[in-house]
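J.: Please find one structure pasted underneath; my questions will follow.
The values are calculated or read from the model by the stated rules, or taken from the named source; none is laboratory data. Just so it is clear, the model here is predicted, and its values are computed rather than measured. For neighbour counting, all protein chains shown are included, and Cβ atoms are generated from backbone atoms with ideal geometry for every residue, glycine included. The area values use the complete protein model at the heavy-atom level, side chains included, leaving out ligands, DNA and RNA. Shrake-Rupley method; radii C 1.70, N 1.55, O 1.52, S 1.80 Å.
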Amino acid sequence: MFPAREFEDAIRSEISAAANDRPAPKAAWEPAVDSLVMVRVVIRIEEEFALRLPDDVMPAGGFNSVDHCVTTVMQTCRELWRVNQPEREEV
């Protein structure tokens with residue numbers, strides 16, 4: 001079964017950590033989740049869950065909201081998880 005809570009916690013944790021590490025507040029025109037933040041998210045997912053996320057997991061220009069980012073990345077992770085899990089034999 002897909003560990004949705006663990007994935008969501010990891011994604012939100014990296015986004016939050018990136019925001020705390022930022023030296024200056026973001027300008028109003030900047031996306032809520034940009035490519036630098038997504039690099040952190042992707043590395044965390046790949047290291048913690050052994051899933052290789054595709055390069056197109058982030059749209060050009062980033063995500064305008066954290067929730068949109070979480071939803072999109074979770075959907076990709078869920079699909080990859082399903083594909084990468086060994087099939088179980090039913091007896």
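J.: With loop defined by DSSP as not H, G, I, E or B, and exposure as at most 12 other Cβ atoms within 10 Å, which is the longest segment of the chain clear of exposed GluC sites (Glu not before Pro)? Working shown, then result.
T.: Working: sites that count: E87, E89, E90.
By the stated rule (loop sites, at most 12 other Cβ atoms within 10 Å), 1-86.
J.: Mean separation of Cα pairs under 8 Å and 6+ residues apart, divided by the residue count of the chain: what relative contact order is that in percent? Each step should come with its number before you reach the end.
T.: Details: 66 pairs, mean separation 33.1, N = 91.
RCO, the chain: 36 percent.
J.: Give the long-range amide H neighbours of A32: residues separated by 5 or more places, or on another chain, with amide H under 5 Å away, using H modelled in the peptide plane at 1.01 Å from N.
T.: Under 5 Å from the amide H of A32: F63, N64, S65.
J.: What does the charge count near L53 come to, summing +1 for each Lys or Arg and -1 for each Asp or Glu among other residues with Cβ under 13 Å from its Cβ? Could you put the intermediate results ahead of the total?
T.: Numbers: positive: R40, R44, R52, R78; negative: E14, E46, E47, E48, D55, D56, E79.
Here the charged neighbours net out to -3.
J.: Within the set of other residues whose C-beta is less than 14 Å from the C-beta of R12, count the net charge using Lys and Arg as +1 and Asp and Glu as -1.
T.: Details: positive: R5, R40, R44; negative: E6, E8, D9, E14, E48, D67.
Local net charge: -3.
J.: At 7 Å along Cα-to-Cβ for each site, give me the label-to-label distance between N84 and F49 in nm.
T.: 0.8
J.: Then there's this: Just to confirm a number: summing +1 for Lys and Arg and -1 for Asp and Glu over residues other than V42 whose beta-carbon lies under 14 angstrom from that of V42, what do you get?
T.: Values: positive: R40, R44, R52; negative: E14, D34, E46, E47, E48, D55, D56.
Net charge around V42: -4.
J.: Something else about it: Return one whole number: the accessible area per residue of region 14-81 in Å², for a 1.4 Å probe.
T.: Numbers: 4140 Å² over 68 residues.
For region 14-81, the solvent-accessible area averages 61 Å² per residue.
J.: So what is the calculated 222 nm ellipticity per residue for the chain, using -39500 (n - 2.57) for each DSSP H run with n of 4 or more, over all residues, to the nearest 500 deg cm²/dmol?
T.: On the way: 3 runs with 52 residues, N = 91.
So the helix-based figure for the chain works out to -19000 deg cm²/dmol.
J.: Here's a follow-up. Go ahead and run the numbers for FRET between E30 and M1, Cβ-Cβ distance against an R0 of 30 Å, rounding to 0.05.
T.: Values: r = 37 Å, r/R0 = 1.22.
Taking R0 as 30 Å, the efficiency between E30 and M1 is 0.25.
J.: Expressed as a whole percentage, what fraction of the accessible surface of the chain belongs to carbon and sulfur atoms when a 1.4 Å probe is rolled over the protein heavy atoms? Kindly include the intermediate steps, with their values, before the conclusion.
T.: Values: 3340 of 6400 Å².
Within the chain, the accessible surface is 52 percent carbon and sulfur.
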